[in-house]
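Notes for the one structure printed next.
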Amino acid sequence: PAQVATRDAVRAQTRYRAGSLFTGGDFLSAIALDVDKYVKHAGRQTMWEGAVSNGTLYARIPSGSKTCAFCLMLAGRGAVYATRRAAGDKSLGAEYHGDCDCSPVAVRDQFDYPESYDPRVLEQMYEDARDNAEGTDGNSIVAEIRRRFPDSVTDAVIPA
């Protein structure tokens, strides 16, 4: 199994969040998101390390009925993540935000996806957004996903 988040990292993040106690920020909501991320970290890292050692590719799979546009963009790329670095891995699972419902899934063939999950749906959404985005960078694609698929994402842009 992978290591859990280090004590120093958790302390540093908690100290950072504590600053909101003096600036009027929402400390409890912020720290709850951090706890969610840290609790899921070891399981996610274990999956990554096992698959990487086998040469298996990964897909990022959202599990909720909706996900944020950023996660939809990453999931829409399919099983293209060959290494932790290629998947945007940062220390302590920072590639996942708090309240994220995504999981890395090792994919050797189409039968490795969860039973009720069809990767082609997210791949098509990603391709549509990428092809219609104002730019080719991730931020442009995420913005286009928010505009084009408001019923599929938690952070949609809904025209006034």
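The values are calculated or read from the model by the stated rules, or taken from the named source; none is laboratory data. Computed from a predicted model, the values in this text were never measured in an experiment. Every residue, glycine among them, receives a Cβ derived from its backbone with ideal geometry; neighbour counts consider all protein chains shown. Keep in mind that these areas ignore ligands, DNA and RNA; they rest on the heavy atoms of the full protein, side chains included. Shrake-Rupley method; radii C 1.70, N 1.55, O 1.52, S 1.80 Å.
Data overview
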quantity	calculated
Sole residue being more than 13 Å from the chain's Cα centre (by Cα) and modelled with pLDDT under 80, chosen from A129, A160, A156	A160
Within segment 132-146, tally of residues that are touching a residue at least 12 places away in the same chain (Cβ under 8 Å) and more than 18 Å from the chain's Cα centre (by Cα)	1
Within segment 13-41, tally of residues that are over 27 Å from S63 (Cβ atoms) and either open to solvent by 60 Å² or more (accessible area, probe 1.4 Å) or in a loop (DSSP other than H, G, I, E, B) (or both)	8
Candidates E134, E127, filtered to the one that is over 23 Å from T46 (Cα atoms), among the acidic types (D, E) and open to solvent by less than 100 Å² (accessible area, probe 1.4 Å)	E127
Single unsatisfied condition, M47 versus (1) open to solvent by less than 30 Å² (accessible area, probe 1.4 Å); (2) within 29 Å of D118 (Cα to Cα); (3) aliphatic (A, V, I, L, M)	(1)
Candidate set: segment 1-36, residues that are in contact with a helix residue (DSSP H, G or I) (Cβ under 6 Å, 6 or more places away or on another chain) and among the charged types (D, E, K, R); chosen: the one farthest from V105 (Cα to Cα)	R17
Residue list for segment 78-98, filter: surrounded by 15 or more Cβ atoms within 10 Å (Cβ to Cβ), modelled with pLDDT of 70 or more and in contact with a strand residue (DSSP E or B) (Cβ under 8 Å, 6 or more places away or on another chain)	G78, A79, Y81
Subset of segment 1-56 (residues that are more than 15 Å from S103 (Cα to Cα) and among the charged types (D, E, K, R))	R7, D8, R11, R15, R17, D26, D34
Tally, over segment 1-12, of residues that are closer than 30 Å to S53 by Cα and in a helix (DSSP H, G or I)	4
